[in-house]
Structure formats: C-alpha cells, structure tokens
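S.K.: First the structure, then my questions, so here it is.
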Amino acid sequence: MSEAQLKTLTALRFSNDIIAELDNQIFCENKALDDVTLIWLKLNGFLTIQN
C-alpha cells in the first residue's frame, strides 16, 4: 500500500450521520451500495477519478 493510500484510508471517518445517510440511500431509496459509496467518496474529496 502506498503512503498516499494509507493517508487516505486514515482520513476516512464515518459518523453516525454519514452511516444513516448512506443506509437510507441503500435501503430506502434502493440504490446500489457501490454507487452510493462511490458518490460519497467523490463528493467528500476522497476520489478524484473521472468516470
């Protein structure tokens, strides 16, 4: 694992509010786990890749 990857993983913090938001999107709005997670990571600056 690279130093940059380790730094990014260390910076990830999932509060109860974040978990509730993601859970709602997955179970109430029937969105795919991978899609919800990818969007959250992009919106919060953890991913900068383009699709």
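Since every read-out is calculated from the coordinates, none of them should be taken as a lab result. Keep in mind it's a predicted model, so treat the numbers as computed, not measured. Reconstructed Cβ throughout: ideal geometry from the backbone, glycine too, with neighbour counts over all protein chains shown.
S.K.: At most 16 other Cβ atoms within 10 Å and a DSSP loop assignment: could you name the trypsin sites (Lys or Arg not before Pro) in region 1-32 that fit?
M.R.: Numbers: sites: K7, R13, K31; in loops: R13, K31.
Answer in residue order: R13, K31.
S.K.: Related question: Compute the whole-percent fraction of alpha carbon pairs in the chain spaced more than 14 Å apart. Write down the numbers at each step before the final one.
M.R.: Numbers: 758 of 1275 pairs.
Result: 59 percent of Cα pairs exceed 14 Å.
S.K.: Around N24, under 11 Å between beta carbons, what's the net of Lys plus Arg minus Asp minus Glu among the other residues? Walk me through the numbers on the way to the answer.
M.R.: Numbers: positive: K31; negative: D17, E21, D23, E29.
That sum, taken over residues with Cβ under 11 Å, equals -3.
S.K.: Tell me the mean residue ellipticity at 222 nm calculated for the chain from its helices only (DSSP H runs of n ≥ 4, each -39500 (n - 2.57), averaged over every residue, nearest 500). Don't skip to the end; give the middle numbers.
M.R.: Details: 3 runs with 28 residues, N = 51.
About -15500 deg cm²/dmol.
S.K.: Additional query: Just add up the charged neighbours of F46: K/R +1, D/E -1, any other residue whose Cβ is under 14 Å from the Cβ of F46.
M.R.: Values: positive: K7, R13, K42; negative: none.
Result for the neighbourhood of F46: +3.
S.K.: Could you list the GluC sites (Glu not before Pro) in the chain that lie in coil according to DSSP, counting only those with at most 15 other Cβ atoms within 10 Å of their Cβ? It would help to have the intermediate numbers written out before the result.
M.R.: On the way: sites: E3, E21, E29; in loops: E29.
Qualifying residues, ordered by number: E29.
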